[in-house]
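Input: a single structure, listed below in structure tokens.
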Amino acid sequence: MGFFDFLFGKKKIAKSNQNSYSQKQQSASEMMAEAMAGGVNFKSHNDYSGYTEKSETEKAINTLRGILKGIDIDNEVNQEELQELFNWCSINKHLSRREPIKDFCINIQSVRNRGDTNELIKDLSWAVENYSDDNPYYKDFTVDIQILQGICHGILADGKINNEEVLGLQKWLDNNSQLEDYYPYYELREIIYEVLRDGVIDENEKLILKAHFKQFSNIAIKENIDSLNKEISGIKIKGYCALNPQIYIDGRKFCATGDFSRKSKEEFYSIIDDLGGVTANHMTNTTNYLIVGGKGSAAWCFSCYGRKVERAISMRNRGFDIQIVTEEDIWNFIDNQKAIN
């Protein structure tokens, strides 16, 4: 099949497989849920490929879309970034017997014999963006999150981050605000906002970005992995408090950490209780808000540290609905509520 032939045949392919795919989706979802709970032993990939192939294929394509965006976000493509495309083909080798993965891999491999690398990337990006499935497995927001993770991978592909890449990611985040309630969108947006706040991206800020991006990247080049791990070895992933958080008190569960500047933590808990919220000194899986006190910290508006914050980050990484909110934001919300009432 030629480079763009699949674009004209994709509807036929999707339609012919629609029934078999739809029959497998529920079983695949149930099996993956059981696997995450430890109930399924995946002895080999081929044992369950019939159930998971559609979801894997779509995720692979969405990740490729993101990697291509990340690689080309500064309009320059180098050999290390190309290697990550070859790595994508290798990771998805078990899916390459079918379109469109097969065609994508053939054309990615063809770059070895072509000199117009930038043009190839743009052609491939066009092809991937124009591919669609008549019976998609994932919802739109999941697709966009997979693309975002791919962008982080693409940016970090050569082990470097430059200003154009950071600004390009900021633009993508701004254009996809529909993801504001989903991890890792809101955390990356907050980090980018903080990094760009003074208009200068210094070397330490680039290291912080590398540490966060690495969470979503499966870098292929060992030298880059070793160099990256050495660079960020002293960087501690920290929580970033939500920008303009949506706060609801009635029936929501609150926990506080740090020293509060306006009132004591006990007084804060009392006010929340009076407004219909539920407070506790210890976090649980049902905690909705972790409020970070700002007393004595010049950077408290965005940077949050401590065991409770680490747990909150871990919880939301696992899908729990918890926001890290600054003391100032919660007091502003309470003041506005009192003014309204």
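Rounded to the nearest whole Hz, the Karplus-based 3J(HN,Hα) values (6.51 cos²θ - 1.76 cosθ + 1.60, θ = phi - 60°) of region 194-204 follow the sequence 5, 4, 8, 4, 9, x, 10, 9, 7, 5, 5, with x at glycine and proline. Note that region 249-263 has calculated 3J(HN,Hα) couplings of 9, 4, x, 7, 9, 10, 9, 10, 9, x, 8, 8, 8, 8, 9 Hz, one per residue in order, obtained from phi through the Karplus relation 6.51 cos²θ - 1.76 cosθ + 1.60 (θ = phi - 60°); glycine and proline are x.
Remark: for residue pairs K206/K253; K139/K338; K69/K253; K171/K265; K206/K308, the C-alpha separation exceeds 31 Å in K206/K253; K139/K338; K69/K253; K171/K265.
Evaluating 6.51 cos²θ - 1.76 cosθ + 1.60 at θ = phi - 60° for every residue in region 150-158, the Karplus couplings come out as x, 4, 4, 4, x, 4, 8, 4, 9 Hz, glycine and proline recorded as x.
Bear in mind that the values in this text are calculations on the coordinates, not laboratory data. Small disclaimer: the values here were computed from a predicted structure and weren't measured.
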